[in-house]
């Protein structure tokens, strides 16, 4: 079993607002080992992006964080901002949905990669030019020499994402946090970006947490998956297990509602109702209102995430693995 | 076993608000004076009283409860004059803003929606007006039209309209590109109907914010002109005029200039505070700042 | 020859956009967003249009809605030439074609109430009777599964999925014959997507409306479509009955999309490259830089749409054929 790279214990995040508080994450715990590819799926408001932001400590000041985030033995929540800055970029990398927000429009691609190499990867000044070229080649950008001289707006969305990945990969981070990295990209470009992630995991042994609402992406890329709903993890396990034999009613409903090319039904399965209001305190299981098999117990008591390490579910109506 | 979730139950908190309550109250007082000054004034602001000349405010040694804020060199009651002055300042601000706003909105919508050469022509006109220095323009217009309240309203409107036009034009450009405008066309709505039902209502928010902030600006503009003698003329009363009147007595009677000056400052601060609050709530994208 | 069953027909539609010149001395540049696009939509059916960025699918929608004018070609809606109409004729025709767009937040005027939004097309057509409008509004909300009290509510109280329902209700108000749906569910959560797609399908069955359904997700488009049209770089590269195109894709691009969609557990080996630069379009086939079947003719001659296999199934490929179909599975 791989040593634990990241261990999250009892993480809760509450956003303080002018009128009320938003309970974005409620008591989330899980861990990741080295070289693991973990997907976090869920719909809007489930807290997956908040989770990533909590790990990289980029939440706004109005956020109240409880719990521990232990990375290689250090509690990230207790670190000073300076120390955290050292972590980010060197040991923890970030890939965002819109790479344009992470790239500076005023500097060429070459400039930006070289800067990262110099300051974060500690490369020698003479070699940055060559290393920048290597970085672009490693992410399969065609004609890398001319690309180095171009500005971000001259590149397509897919190329920008590759540049962002290159900038992260050249620092050889231990953990890569990717928030919807392929959502804004065309389907054909998406496949090659997913391949890049695979390559990074393979060659550098990095662990990757991929947050997305697209189950297909997680299915293709990840080893393990966490399904989130209304700020909690409701199911986790190995990808084939969770998608082929989902145990939580929400996961089951999610898998059923996606049209697959192999069968053409006249109607899709649609989960009735909507995600609950996260500013209200939710008593009992958050999914109970929309669940087909909910009982009175489900409405009163919140189920814990239980089960063996490799397969956990938070549902009263599941066979318990005690 | 799990128990009922009490972890996230917390006592209801009093709603936190960021409204500038004191500022709003002060503005309300000024507005009340503006509307009903003649009814509320304790004395006739133009009636001289040579027995009670240069009395200090009531908290000073020589002051009296009768004249709360003292009297000036002709024995006229300062408080009454300030109240009437409020009427003048706010009236000027309101009328000038409405004129500038209406004209500016109309041109801004035409330019923004029509685009092309019309838009370019409009923008050059706006640039020209914004480039002219206010005092110079005021002097020229007063030389042409003469001094007086009506004329300075015209002067102020002429200097302000361009800001509304520019703001509205940029807002129209942004609203025009939103899908619901295209969908209104697809519905078969005429261009006029689109402008009135879809474009205009979405532009008004930032216009309102600009108008409130403009009140503060106009108060200063009007006071400056009146101070220079170009604006309000006696027997009309204006804070700026009071400043000019009291200038010669500053060393012996500080209240003649300090009090109207304080009211100018407080009025500006209060309207600005209310305007900033309005901006936070009605113009979260900051269009007002970038457009003016 | 106007066909009673054809709701929309595109004939050789081309659209070019002018770009600002590159620097002072550069010549004028233009981008061809649509190149010689032709198709028909039969009454009560759905034409699914699939394509990625730069394929021209959104331009197609905008031309169909007369929000853009084609540079060449004609568009016929229920037999009438869309771009040869007077203002009055146009307004009357607008009743027949409505739209639902991708962005649920930008599609509704934030200053309007729901009740007034859903009947606006009727008002635009001249309906003034307040009572009739109100009862029609109630009817429409019921059709899309929204409660009656939504009528008086302001738009900001509704979620993305609910807003799309309002947009659909609005489109239905004038009983159109065709609704253009441009990525209507792409901005919605997966579980909400299913709700909206089901509503659309039910309405089509009950009201015999035609759809032009545009999307980038093959599975979603397939679920909705009778006829499938695949676009690449402004051209139609394949078009035919949905089931057949899915079962036997003739164009390598369709094949690529299908492989990616079907491979659920494994990443499809990198289809290399990206679409060519639209400002400097290549000679010959636009897909050849990424195509495994490309031969020398592909570099010089742009492939025309030709019949392949079954009836009404066309593909624009020099090397389309049965042999390739087996590779595509």
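Each value in this text was obtained by applying a stated rule to the coordinates, not by laboratory testing. Since we're looking at a predicted model, the values are computed, not measured. When we count neighbours, we look across all protein chains shown, and the Cβ atoms used for this are built from the backbone with ideal geometry, even at glycine.
Results, tabulated for the structure shown:
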{"quantity": "Inter-site label distance for residue B:28 and residue B:125 at 7 Å from Cα along Cβ, in nm", "calculated": "4.1 nm"}
{"quantity": "Segment residue A:289-residue A:172, length gained on full extension (0.36 nm per residue, minus Cα span)", "calculated": "37.6 nm"}
{"quantity": "Translational diffusion of chain A, µm² s⁻¹ [Kirkwood Rh, Cα pairs; Stokes-Einstein; 10 °C; 1.306 mPa s]", "calculated": "76 µm²/s"}
{"quantity": "Modelled label reach - residue C:72, point 7 Å along Cα→Cβ, segment C:303-320 residues with backbone N closer than 16 Å", "calculated": "C:303-305"}
{"quantity": "Cα gyration tensor shape of segment A:196-304, rounded if a/c is under 1.5, else prolate or oblate by comparing a/b with b/c", "calculated": "oblate"}
{"quantity": "Contour minus Cα-Cα distance for residue C:306 and residue C:87 (0.36 nm per residue)", "calculated": "75.0 nm"}
{"quantity": "Tail fraction, Cα-Cα pairs, segment A:1-142, threshold 27 Å, whole percent", "calculated": "35 percent"}
{"quantity": "Estimated FRET transfer efficiency (residue A:83, residue C:265; beta-carbon r; R0 56 Å; 0.05)", "calculated": "0.90"}
{"quantity": "Cα-projected label distance for residue B:248 with residue B:140, points at 7 Å along beta-carbon direction, nm", "calculated": "3.4 nm"}
{"quantity": "Pair residue B:47, residue C:202: separation of 7 Å Cα→Cβ label points (nm)", "calculated": "7.9 nm"}
{"quantity": "For chain C, built as a Gaussian network whose Cα springs stay under 10 Å, the top-fluctuating residue of C:230, C:297, C:144", "calculated": "C:297"}
{"quantity": "Mean separation of Cα contacts under 8 Å (6+ apart) over length of segment C:105-175, as relative contact order %", "calculated": "49 percent"}
{"quantity": "Ranked A:247, B:83, criterion: other C-beta atoms within 10 Å, fewest first", "calculated": "A:247, B:83"}
{"quantity": "Choice from A:154, A:190, A:112 with maximal GNM fluctuation in chain A (Cα, 10 Å cutoff)", "calculated": "A:154"}
{"quantity": "Potential extension, residue C:153-residue C:43 segment - 0.36 nm per residue separation minus Cα distance", "calculated": "36.1 nm"}
{"quantity": "Sequence ranges C:280-292, C:188-200, A:299-311, ranked by mean other-Cβ count within 10 angstrom, highest first", "calculated": "C:188-200, C:280-292, A:299-311"}
{"quantity": "Where a label projected 7 Å from the Cα of residue A:90 along Cα→Cβ would reach, residues of segment A:164-195 with amide N under 13 Å", "calculated": "A:171-174"}
{"quantity": "P(r), alpha carbons of chain C - 20 Å bins starting at zero, rounded %", "calculated": "29, 55, 16, 0"}
{"quantity": "Part-to-part distance (alpha-carbon centres) for segment A:61-101 and segment A:233-260, which is given in Å", "calculated": "29 Å"}
{"quantity": "Order of B:250, C:231, C:256 under a 10 Å beta carbon neighbour criterion, fewest first", "calculated": "B:250, C:256, C:231"}
{"quantity": "Modelled FRET efficiency - R0 35 Å, residue B:282 with residue A:104, Cβ distances, 0.05 increments", "calculated": "0.60"}
{"quantity": "Relative contact order (%) - criterion: Cα under 8 Å, at least six apart; region: chain C", "calculated": "20 percent"}
{"quantity": "Peptide C:191-200 - average C-beta neighbours from other chains (10 Å radius)", "calculated": "6"}
{"quantity": "Calculated FRET value between residue A:306 and residue A:124, using beta carbons and R₀ = 30 Å, to 0.05", "calculated": "0.05"}
{"quantity": "Computed over chain B: relative contact order in percent, which uses C-alpha pairs under 8 Å that are six or more apart", "calculated": "22 percent"}
{"quantity": "Order of A:68, A:280 - criterion: other Cβ atoms within 10 Å of each residue's Cβ, fewest first", "calculated": "A:280, A:68"}
{"quantity": "Whole-number D in µm² s⁻¹ for segment C:149-275, Kirkwood Cα-pair radius fed into Stokes-Einstein, 10 °C, 1.306 mPa s", "calculated": "96 µm²/s"}
{"quantity": "Cα Rg, Dmax (largest Cα-Cα span) when computed across segment C:20-169, Å", "calculated": "19.1, 62"}
{"quantity": "Zone residues, segment A:132-150, relative to residue A:111, backbone N less than 11 Å from point 7 Å out along Cα-to-Cβ", "calculated": "A:150"}
{"quantity": "Value of Rg to Rh for segment C:51-91 (Rh from inverse mean 1/r over Cα pairs, i.e. Kirkwood)", "calculated": "1.03"}
{"quantity": "Euclidean distance between Cα centres, segment C:127-190 to segment C:294-314, Å", "calculated": "42 Å"}
{"quantity": "For the protein assembly as shown, average projected area of the Cα convex hull in nm²", "calculated": "49.9 nm²"}
{"quantity": "Within a Gaussian network of chain B (alpha carbon springs, distance under 10 Å), most fluctuating of B:61, B:222, B:276", "calculated": "B:61"}
{"quantity": "Shape metrics for segment C:208-250, restricted to C-alpha atoms - Rg then Dmax, Å", "calculated": "10.3, 32"}
{"quantity": "Rule-of-thumb Rg ratio for segment C:105-175 [Cα; 2.2 N^0.38 Å; N residues]", "calculated": "0.98"}
{"quantity": "Inter-chain shielding of A:182-189 (mean C-beta neighbours from other protein chains, 10 Å cut-off)", "calculated": "5"}
{"quantity": "Rg over Rh, two decimals, segment A:91-238 (C-alpha only, Kirkwood Rh)", "calculated": "0.98"}
{"quantity": "Computed [θ] at 222 nm, helices only, for the protein assembly as shown once each DSSP H run of length n ≥ 4 contributes -39500 (n - 2.57)", "calculated": "-13500 deg cm²/dmol"}
{"quantity": "Rh (Kirkwood; distinct C-alpha pairs) - chain B, Å", "calculated": "21.7 Å"}
{"quantity": "Average beta-carbon neighbours from other chains, 10 Å sphere, peptide C:182-190", "calculated": "3"}
